[in-house]
1. Could you list, in sequence order, the residues of the stretch A:262-301 that are outside any helix (DSSP H, G or I) and among the aromatic types (Phe, Trp, Tyr)?
2. Would you be able to tell me the number of residues in the stretch A:17-69 that are under 34 Å from the mean Cα position of the chain (by Cα), among the basic types (Lys, Arg) and open to solvent by 50 Å² or more (accessible area, probe 1.4 Å)?
3. Take B:Ile304 and decide whether it is within 23 Å of the chain's Cα centre (by Cα), surrounded by fewer than 21 Cβ atoms within 10 Å (Cβ to Cβ) and closer than 28 Å to B:Thr415 by Cβ.
4. Quick one: which residue in A:Val144, A:Val157 is away from chain B (no Cβ under 11 Å) and surrounded by 15 or more Cβ atoms within 10 Å (Cβ to Cβ)?
5. May I ask you to list the residues in the stretch A:255-285 that are surrounded by fewer than 20 Cβ atoms within 10 Å (Cβ to Cβ) and more than 14 Å from chain B (Cβ to nearest Cβ)?
6. Which of the residues that make up the stretch B:394-407 are within 14 Å of chain A (Cβ to nearest Cβ) and either surrounded by 23 or more Cβ atoms within 10 Å (Cβ to Cβ) or aromatic (Phe, Trp, Tyr) (or both)?
7. Pick out, from the stretch B:121-234, the strands (runs of 3 or more DSSP E) lying fully within it that include 2 or more residues that are open to solvent by 40 Å² or more (accessible area, probe 1.4 Å).
8. Would you confirm, using the coordinates I've provided, whether B:Ala359 is at pLDDT 95 or above, aliphatic (A, V, I, L, M), part of a loop (DSSP other than H, G, I, E, B) and within 27 Å of B:Phe254 (Cα to Cα)?
Amino acid sequence: MFAFIIRRILQAVVVMLVISLVVFAIQKEFGDPVRDLVGERVTPEERQQIADKMGLNDPFFFQYARFVKNAVTKGDLGRSFLYNKPNLEVIINHAPATIELVLGTALIIMVLSLPLGVYCALKPRSWLSRFTMSFSTLGVSMPVFLTAILLIYLFAVHWRILPSYGRGETVDLFGNGIWMTGLLTIDGLKHLILPCISLSTLMLPLFIRLIRSEMMEVLETEYIKYAWAKGLSPRRVWLVHAFKNTLLPVITVFGVQIGIMFAFTLLTELVFQWPGMGFMFLEAVNRADLSLLIAYLVVVAALFVVVNTVVDILYGFINPTVRIAGTK
Amino acid sequence: MKKLLLIVLGIFMVVSFAASAGAKTFKMGLDADPVSLDPQVQLSGGMLQLSHWVFDPLVRWTQDMDFEPRLATSWERLDDLTMRFHLRKGVKFHSGNTFTAKDVKWSFDRMRKSVDFKGLLEPFDGCYIVDDYTVDIKTKKAYPLVLNMATYFFAMDSEFYTGTDENGQPKDAILKIGESFALNNASGTGPFIVTNRQHNVVLEMKRFADYWDTNSPGNVTEFILSPIKENATRVAALLSGGVDWISPVPPQDFARIQSDDEVKLVNINGGRIITFQMNPNRVEAFKDVRVRQAIVHAVNNEGIVKQIMKGTATVAAQQGPKGYLGYKETLTPRYDLAKAKALMKEAGYENGFEITMMAPNNRYVNDAKIAEATAQMLGRIGIKVNLKTMPKAQYWNEFDARAADMMMIGWHSDTEDSGNFSEFLMMCPNAETGYGQYNSGYCNPRVDELTIAAQSETDVEKRTAMLQEIEQILYDDAAFVPFHWQNHSYGVKKNVRAQPVINAQNFPYIGDLVIE
């Protein structure tokens, strides 16, 4: 286990170094961040002076070395031009919004996909199964952007039962200003509903289909036939014997998809003006805030590696026959 | 029992209604929120809007382009170089300090140190205190735009910003990057006090109880500004009742807002001109006035205003809009395809030629669509256009490098004066003086001469003649391709009386806003 974790950390470091190097190398293509900081009247010379002060005119390897040095020695990922705060602080301030959005979505997916998927596998010919399957095709093929706008127009503009943008009322979870949560206020929860639904439309059909096909496959296996032959109750065969084994691949996919979901929050957050990391990322791209971009990508790379590692470890616990590489 | 419940409910409703009658919360959704709380660190529309809410200028623009006294109650010209301002008495800052002449001088001096503003303040010699409620503002040469500039002189609380913050840095440091007290704290004399600010999420303000302007009809007690970037979301926020006011309104949603029972659309003419410049240093043909005329004649800018802008712009044929000194009634739009073709033939380009064109895609209203339409229109006179559009973060560096044969630029005159357009867009580019900073290469010495002369001409009649002559020359020379002046559009709830507080500068005076 120890060797496995060490290897994963090393992988993560390499990934982060490569990503930051790539962004540094192409940073000129993003545009000029100084333009966004000054009015149109400011002369080119004065803009150059500001760029000099910000260190943007240094040779690219020099800038890169400085970034790595600060990151390694001080844990300092630089300063955002747009927010005028340390990048890490900006990212941490935006993380709770995204995490809550993803949590809410994951909850919707779990609560709906498990029973629906299992039901569709057990009763493939019932009208509910047919409806679920055809509806899920629709969900997969509709872009999140469109779903979100449709939801806003129906629930916010037409029926006026849910708010259309932002996080609503938030409260400070730990009393230190880091985690502003919308989960503890009615208003905050109301604001969470539409973004979560629109984000879940992407993954929910996938999981229903995945669970359904896995379950159907498991139901055909020898040991299930054996269980039937033993005369076990259908309840026991389905829920204990079949369902548990269905879950294994589902959990792996879930782990990966949660990571991917963080990436997909981009569009949802944009449409709902959700002040999370995806929104922050888009702002950084639009305003050429390269410093924040690099820091964000490095943090995301780290996060991905952590999530995948945790999933791999969990997998090992659930299925003892799978041994993690590196352990004896 | 039921009756009792009804009575209790009734009483509760009356009480809560009475409590809310005095308090009016106003929610505004804009495409972006102000970048900081320091009115002097960045010269941008968003910062100036905020300045009008939290601070007060010496004078401000009225809807009909006149000056309205704010912190200055009256003013008089002492000589060619000096303007004397008499200041309002009994004005308090948010901090409780009393406003006096020293605050005006302090703010003026600080503004001169700001990279963004020092260009605007170039013509000024200084601000001199006469007594506690009188200042003299002197210019280096005779300068006709002192009052126009006084709309920028917002008074900051000099005592509040004096001293050092916890990092040992002066509180009034003007910083683009880094922490500074002034970036995050504000004390002005304006109608609203900032109570909470989360950049890119929300800006909350409440009405300043000791606001000096007791004649203001404004009844907004709480003012919440949310940036809503996405056009569709911003419109939905208004239609769903989430906000009371949105701006800008995307042209494609005008009909939707106009047809709604609870919201309305309010428009006012603005002063931002949208143009394409032709670079004669890159394309030999652009040196020929006939070719330039052909291009201007080929562009159907009236059609663009109707189709792409949905009528929310005023068709232009010159730089400054109506109401500016240089505006000349006789200069009218010139779309005429047959004439354009004839001009091309006359210039020997009947077979056309190929050019490159660049435009931003997130800077001006429908900028990329306008560029596409233009490219297509030029195709009709045989000019093949290779168009590239890009986000503004990338566009301005391309513009600086004059990277295409035709480039789009919009301009709003900082001084609300015609001369400013020529200084930046049409004077011969000169790195030393900074004139023509956004000119693609058109150069006419007469335009330079007139523009410079107009800068120090205080006789309005003579000045008007000069500025009009400039417009005429540029028209005859087809120096640029004019499109339109963008209107400012606001979508507001029906109970919000927006009309009286808006202006051509797009600085809605929310302090005076009445909500019914």
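The values are calculated or read from the model by the stated rules, or taken from the named source; none is laboratory data. Predicted, not measured: the structure shown is a model, and the values here were computed from it. Positions of Cβ are generated from backbone atoms using ideal geometry, with glycine treated the same way; all protein chains shown enter the neighbour counts. Keep in mind that these areas ignore ligands, DNA and RNA; they rest on the heavy atoms of the full protein, side chains included. Shrake-Rupley method; radii C 1.70, N 1.55, O 1.52, S 1.80 Å.
1. Scanning the stretch A:262-301 gives A:Phe272, A:Trp274.
2. 3
3. no
4. A:Val144
5. Residues satisfying the conditions are A:Gly255, A:Val256, A:Gln257, A:Ile258, A:Gly259, A:Ile260, A:Ala263, A:Phe264.
6. Correct list: B:Tyr395, B:Trp396, B:Phe399.
7. The strands (runs of 3 or more DSSP E) meeting that bar are B:124-131, B:192-198, B:202-207.
8. no
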